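The values are calculated or read from the model by the stated rules, or taken from the named source; none is laboratory data. Because the structure is predicted, anything quoted here is derived from the model rather than measured. Every residue, glycine as well, gets a Cβ built from its backbone with ideal geometry; the counts of neighbours run over all protein chains shown.
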């Protein structure tokens, strides 16, 4: 998989330089140009999403089912026959396969989940790492994979406890009405 990604990336770099070399070398064979266009189309068909963010993707043909190769990296939910949500769960690369109504493959795309882009501050203390989500006003603990285990476990445990209390309060309120 890594070799395939590397070769595809190398092909994309060659394609980026192709307009200059194509003008200088009009004798490039037609099948080389077709192969480069095909590689560029495959690369552009990839889905990029940030961790803990969602993106809407569109399918040219109707889909009935969507599968994600590694559901720990990303998840997908079908909205309607032509659209799906892709959620980035943790950084990494996996793929998405969409099947049509007759179980035919409609799409097979690579999903690349990157770490969050902005507003994240990483504090390194020796070998330990601590991540915080920051605004102009303040920062709050925002554990990410790779953070110190105690910090990660304590913060995620606190968030889970808070969410459980909110769900219980909402269910009590719903039964009272």
Subset tally (residues that are surrounded by 11 or more Cβ atoms within 10 Å (Cβ to Cβ) and part of a loop (DSSP other than H, G, I, E, B)) for segment 105-129: 3
Qualifying position, being in contact with a strand residue (DSSP E or B) (Cβ under 7 Å, 6 or more places away or on another chain) and part of a loop (DSSP other than H, G, I, E, B), among 96, 136, 144: 144
If you check residue 74 against the conditions, is it in contact with a strand residue (DSSP E or B) (Cβ under 7 Å, 6 or more places away or on another chain), farther than 30 Å from residue 147 by Cα, surrounded by 16 or more Cβ atoms within 10 Å (Cβ to Cβ) and not assigned by TED's automatic domain parsing to the domain that holds residue 145? no
Looking only at segment 60-93, filter to residues that are outside any loop (DSSP other than H, G, I, E, B) and free of Cβ contacts under 8 Å to residues at least 24 places away in the same chain; which one of those is farthest from the chain's Cα centre (by Cα)? 80
Can you list residue pairs whose Cβ atoms sit under 7 Å apart, with the first residue in segment 136-148 being farther than 24 Å from residue 92 by Cα and the second being exposed (fewer than 15 other Cβ atoms within 10 Å of the Cβ)? Count only pairs 6 or more apart in sequence or on different chains. 139/121
For residue 115, indicate whether it is within 20 Å of residue 147 (Cα to Cα) and touching a residue at least 60 places away in the same chain (Cβ under 8 Å). yes
Looking only at segment 44-59, and only at residues there that are exposed (fewer than 15 other Cβ atoms within 10 Å of the Cβ) and under 13 Å from residue 109 (Cα atoms), the one that is modelled with the lowest pLDDT: 44
Can you give me the number of residues within segment 137-165 that are at pLDDT 80 or above and over 21 Å from residue 51 (Cβ atoms)? 4
